Amino acid sequence: MSKKQSNNKKPSTPLKSLNEIPSPKPPASNGAKVPALPPSPRLRQTEIPGTERPKFKALEEQAELYCDLRDKMQNSVKKFKEQGKTPLIDMLHKYKDKLDTNGEGETVYAYDDMIVILKPAGEQLRVKHVDPEAEEIEVGAAPADNSEGEV
């Protein structure tokens with residue numbers, strides 16, 4: 001090597017740790033918006049022959065079926081809320097002053113063998129069939145306690 005070449009090179013000192021590597025400074029902000037980078041595609045590690053992941057066709061098909069059914073169910077729940085639950089809650093609010101209210105502040109409407117209950121906390125709605133042959137249910141009152149004096 002000639003003297004000129006060796007003088008142009010700076011002597012390198014080995015780094016003792018990664019903390020000594022200077023981090024790049026962010027560009028100065030002059031008010032201009034920096035365009036966002038597009039999302040990078042997920043990279044997959046290449047498989048080495050003989051170490052491939054096992055493939056289970058039946059398991060993959062069942063997982064796909066599960067996802068399809070789950071998506072259909074979520075769409076059904078959305079339709080159920082839009083077409084059934086929300087309009088019923090709105091009607092209960094509309095007729096609230098004409099409907100019964102129990103001791104817990106719940107709006108109650110009973111007809112035929114059905115009972116509709118709207119709980120004020122969180123707008124919880126319950127609609128259920130009531131067995132007509134069971135004891136008569138008094139709307140808005142607690143059931144009678146017949147255990148006094150009985151042994």
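Where a number appears in this text, it was derived from the coordinates with a stated rule and is not lab data. Note that the structure is predicted; figures quoted are calculated from it, not measured. All Cβ positions, even for glycine, are placed from backbone atoms using ideal geometry, and neighbour counts span all protein chains on display.
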Chymotrypsin sites (Phe, Trp or Tyr not before Pro) within the stretch 29-107, DSSP loop, no more than 11 other Cβ atoms inside 10 Å: F56, Y95
Using +1 on the beta carbon of Lys and Arg, -1 on that of Asp and Glu, and nothing else charged, what's the dipole of the stretch 56-133 about the Cα centre, debye to 20? 320
Can you sort H93, H129 from fewest to most other Cβ atoms within 10 Å of each residue's own Cβ? H129, H93
Ascending count of other beta-carbon atoms within 10 Å, so fewest first, for L43, L99: L43, L99
Positive-pole candidate from H93, M73, A63, dipole of the stretch 56-133, charges at beta carbon: H93
